[in-house]
Every structure is written in structure tokens, then in C-alpha cells.
Amino acid sequence: MVAPSNMDQHFTEVASVYQDVRTTDLEPVERIAMALEGLPHPKGADIGCGSGRYDLSMFKTIQGLYLTCIDANRAMLKQARELLAANAIDAFETRQSTVEELELEAGAYDFVSSFNAVHHFDFPEFLRKSTEGLTAGGHLFVYTRLPGQNARNIWGRYFPDFTEKETRLMELGDMHRWIEDAPGLRFVSDACLRYPRRSSLERLVEQARSRHYSTFSLYDRDAFEEALAEFQNKVRRRFDDAVEWHDENVLVHARRDDD
């Protein structure tokens, strides 16, 4: 998990508000639950868990779940612990680690997941560590957005330099290739998911100022304020009332295959 000091600082600063400014999509969790049907007590590791919002969704959706919640940032892990405890969930542990330092118990997990985090990782290393931790036939789920999807969302379309700043996202073909090259891992499927969104401009400004996407932390202060003002002008010219657009993400599914 690549966590340079500026990104670690970013996540420390946004940890307390992250749950309120990010959107949690239920469809990838429902698809994961379907893939795990038949496992009475699935054990999973969620890498790059952040504030635990997807972990909470998995606990609400996947029966009998035990989860190891892993993140490089201490403040995010604190939020995850508090969120799960506040929902009377105790079948979890938290672990602070980067991907490079991560040591998963060999063959211990029925699945490994990562939601909106792999652009912070060394992806081939993430695949290697995940594969080591999976049981035979265990599942790997990666939920992320692609560069083209990023360009089509509200920020890519109207926030100046958003797509130019965000160079960390991977193309689907590259992810396929890395999975195929990872020893013991087999690509299963990918699903491109599309969600209608509706928001007020005021809410969008709040999210941007809260740096709900780490992309915003790549702007210096003056450049961010200038871009935010231009974003508001563009949106006001395009939308009369509520702002409407579509967000898109991809869910990639692979399995450990030792044959």
C-alpha cells in the first residue's frame, strides 16, 4: 500500500469526516455476498479499509463473517473500529500495515477485498500478498474506478485538471494482465457498474472542500480554490437545479488456483 507522507497526512486529516462525505455503493457488496454463498463462516481481509464503511456493509450483507480490516493509516483504522463497534459488531480485528509490510497468514482467508483503494498500492505486490493469504479456491475482489470512468463523473467533466491530476488509476486491461501474470491467481470476471447520482451544488462543494477524493489533495491551496470556483461556475451554467450525473466503477473478481 503506497502511503507517501502527503497521502498519509491527507487521510489523517479527512478520517473524521470520511464516512459523511463518501458514497458507499451496495451492489459490489451484494455481488461479493453471492460469490461467497455456501460458506457458513467466511473469513475475509479488507485491504485499504479506510473508515470501515464497506466493512460495515459486508457485515450487514454476509452472514457469519469474520473480517480483518487493514489500512496504512492509524486515524482511518480508529474510525473503522468505532464504526463497527457502534453497530454492535465484534467479529473483526484491525491491522495497521502497508501492502509492502503486510503479512497475511498463509491460506487463512476465504476472500480478500479492496474498495476504492488499489490506486494507492503497488498492484502486483498487492496481488502477491493477497494470493498468499487466500485458501485454495479463495476469492479476490477489487472495486475501483478506471481512468475513463473517472473522466466521465461530475469531477472529471467539470472540475479543472481533475483527470490530469489523477494519474494513479489503472486500466482494466492492465489489471487483467497483472492478474494473469500472478502465480496461483486466475481471473474470473469483471463487472462495470453505473450509478445515477443527484446532488446539490452546495453538497458537492462540501465534498470537494473535505477532500473526499484524495485527488483533491494533489492541488496546492491556490490552485484548488481557483479550480473550485471554476467548477461552481460551470455547474451553475449547466444545471438549473439539482446536479445529476452517473458514477461508474468496476468490480474485478479473481480466484486462487493452484492447479
Exercise for the section: Treating the angle as unsigned and between 0 and 90°, give the value, to the nearest 10°, between the Cα long axis of helix 123-133 and the longest Cα principal axis of the chain. Expected result: 30 degrees
Practice task
Quick one: grab the alpha carbon gyration tensor of segment 155-259, order the square roots of its eigenvalues as a ≥ b ≥ c, and give me rounded if a/c is under 1.5, else prolate or oblate depending on whether a/b is larger than b/c.
Solution key: prolate
Practice task
Could you work out how far helix 5-21 tilts from the main Cα principal axis of the chain, as a 0 to 90 degree angle to the nearest 10?
Solution key: 80 degrees
Handout entry: Other-chain or far-sequence residues with amide H under 5 Å of Thr94's (modelled H)
Key = Cys69
Exercise for the section: Keeping all protein chains in position, work out how much accessible area Tyr195 exposes to a 1.4 Å probe, and write it in Å² to the nearest 10. Expected result: 30 Å²
Handout entry: Surface accessible to a 1.4 Å probe, Thr131 within the full protein complex, Å²
Key = 10 Å²
Handout entry: Highest-MSF residue in the chain out of Cys69, Cys192, Cys49 [GNM, Cα springs under 10 Å]
Key = Cys192
Fill in the blank from the handout: With T = 37 °C, eta = 0.692 mPa s and Kirkwood Rh from C-alpha pairs, the Stokes-Einstein D of the chain in µm²/s is about 173 µm²/s
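Once the Cβ-Cβ distance between Met34 and Lys60 is put in as r, and R0 is 22 Å, what FRET efficiency do you end up with, to the nearest 0.05?
The computed FRET efficiency comes out at 0.90.
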Handout entry: Between 0 and 90°, nearest 10: helix 221-238 axis offset from the chain longest Cα axis
Key = 80 degrees
Problem - Max mean-square fluctuation residue, GNM over the chain, Cα-Cα springs under 10 Å, options Val142, Val188, Val29 - result: Val188
Exercise for the section: Mind checking which of Gly38, Pro160, Ala91 is farthest towards the positive end of the chain's charge dipole, using Cβ charges of +1 (Lys, Arg) and -1 (Asp, Glu) about the Cα centre? Expected result: Pro160
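Quick check on segment 23-68: what does the Kirkwood estimate of hydrodynamic radius come out to from the alpha carbon pairs, in Å?
Values: mean 1/r = 0.0927 Å⁻¹.
That comes to 10.8 Å for segment 23-68.
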Completion exercise
In nm, the gap between the two label points placed 7 Å beyond Cα toward Cβ at Ala88 and Val188 is 3.1 nm
Handout entry: Computed accessible area, Tyr219, all protein chains, 1.4 angstrom probe, square angstrom
Key = 20 Å²
Exercise for the section: Return, in residue-number order, each cysteine of the chain whose C-beta is not under 4.7 Å from any other cysteine's C-beta. Expected result: Cys192
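The values are calculated or read from the model by the stated rules, or taken from the named source; none is laboratory data. Just so you know, these numbers come straight off a predicted model, no measurement behind them. FYI the Cβ positions are ideal-geometry reconstructions off the backbone, even for glycines, and counts take in every protein chain you see. Heavy atoms of the whole protein, side chains included, go into the accessibility calculation; ligands, DNA and RNA do not. Shrake-Rupley method; radii C 1.70, N 1.55, O 1.52, S 1.80 Å.
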